[in-house]
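Bear in mind that the values in this text are calculations on the coordinates, not laboratory data. In this text the structure is predicted, and so the values were computed from the model without any measurement. Cβ coordinates were reconstructed from backbone atoms using ideal geometry, including for glycine residues, and neighbour counts include every protein chain displayed.
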Amino acid sequence: GAGVSQSPSNKVTEKGKDVELRCDPISGHTALYWYRQSLGQGLEFLIYFQGNSAPDKSGLPSDRFSAERTGGSVSTLTIQRTQQEDSAVYLCASSWGQLDQPQHFGDGTRLSIL
Amino acid sequence: ELKVEQNPLFLSMQEGKNYTIYCNYSTTSDRLYWYRQDPGKSLESLFVLLSNGAVKQEGRLMASLDTKARLSTLHITAAVHDLSATYFCAVVGIGNNRLAFGKGNQVVVIP
C-alpha cells in the first residue's frame, strides 16, 4: 500500500493477556518507529529500528514490552501481561531515515485493557 | 532530556483572522517537524524545518524556526474552519532519531 499500515485497528483484551500489534511500513523505508499516544502522557517514543536492528529502545516502559522487525519491513510490538495503564493508541511511523524527510505515521492501534 | 512546550494548548479562532501558535524546546536540535492531527486520525506531516531562519509555507500555514531562541512558530493566515485540528510540533535531538512531541495546540476555528 501507499502508506503505513497497522493492524488491528482496535484491540480490547483482558488484563494479564499478551497482545501483538503489527506495522507494515512504507515500502523501502529503512527506519521504523513505535510511539504511543495517551491522554495523560501525550505522544511518547517507544523504539526505533534501522533495518532489523533497534539502536534505540530507550522508550520501552518496562520489560513487558518488546518489538522486533524482520526482513527490514514488518514490525511487531508485543506487550506481555497487559496492565490497564497500557491502554493507549500505539502508532507506528516509517521514514527514509534522512534528515530532511518526515516520519510518516499509520492510523494506529487503539488498545483497551479491561 | 529534550522537552517541548507548545502554547497555547487550546485556541479558538475566528474565521478570517490571523493567529500564531508557538513551540519552544529545551536543548539543541537540528530538526523540527510540524504535524496535524484530526480527531480519531493519525498524524499528517506539514513541515520539516532544518536550519536557523528556515521558513516554509503551505496554503494558509507558515512555519518558521529560530534555533538560537529554540522557538518555532506556526502562523495561520485568514483562518478557515478546515484548519480546525490539533497541531503538534516535534523535535529531534542531536545524534538521535526519536521525535519528542509537545502536547499539541488544539485549534478550533469558529465561523
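Among B:L46, B:L65, B:A78, whose Cα lies farthest out toward the positive end of the dipole of segment B:4-110, if unit charges sit on the beta carbon of Lys, Arg (+1) and Asp, Glu (-1)?
Value computed over the given set: B:L65.
Need one value for B:93-103: mean number of C-beta atoms belonging to other chains within 10 Å of its residues' C-beta atoms.
Shielding by partners across B:93-103 averages 5.
Where the only charges are on Cβ atoms (+1 Lys, Arg; -1 Asp, Glu), what is the dipole of the protein assembly as shown about its Cα centre, to the nearest 20 debye?
It works out to roughly 160 debye.
My understanding is that a pair violates if its Cα-Cα distance is over 27 Å; which of A:K57/B:K103; A:K11/B:K103; A:K57/B:K56 do that in this structure?
A:K57/B:K56, as the Cα separations exceed 27 Å there.
Please go through segment B:1-86 and write out the GluC sites (Glu not before Pro) that DSSP classes as loop and that have at most 16 other C-beta atoms within 10 Å.
Qualifying residues, ordered by number: B:E1, B:E15.
Select from segment A:37-114 those trypsin sites (Lys or Arg not before Pro) which occupy a DSSP coil region and have at most 16 other Cβ atoms within 10 Å, ordered by residue number.
A:K57, A:R64, A:R81
Which whole-Hz couplings ³J(HN,Hα) result when phi for each residue of segment B:5-18 is put into the Karplus expression 6.51 cos²θ - 1.76 cosθ + 1.60, θ = phi - 60°, listed in order with x for Gly and Pro?
With coefficients 6.51, -1.76 and 1.60, one gets 10, 10, 8, x, 5, 9, 9, 9, 10, 8, 4, x, 9, 9 Hz.
Sequence-distant or interchain residues sharing an amide H contact under 5 Å with B:L46, placed H: which?
Under 5 Å from the amide H of B:L46: B:W34, B:Y35, B:R36.
Residue by residue through segment A:26-34, what is 3J(HN,Hα) from phi via Karplus (6.51 cos²θ - 1.76 cosθ + 1.60, θ = phi - 60°)? Round to whole Hz and write x for glycine and proline.
5, 4, x, 6, 8, 9, 9, 9, 10
Percent relative contact order of chain B, based on C-alpha pairs within less than 8 angstrom and at least six residues apart?
Once divided by the residue count of chain B, the mean separation gives 37 percent.
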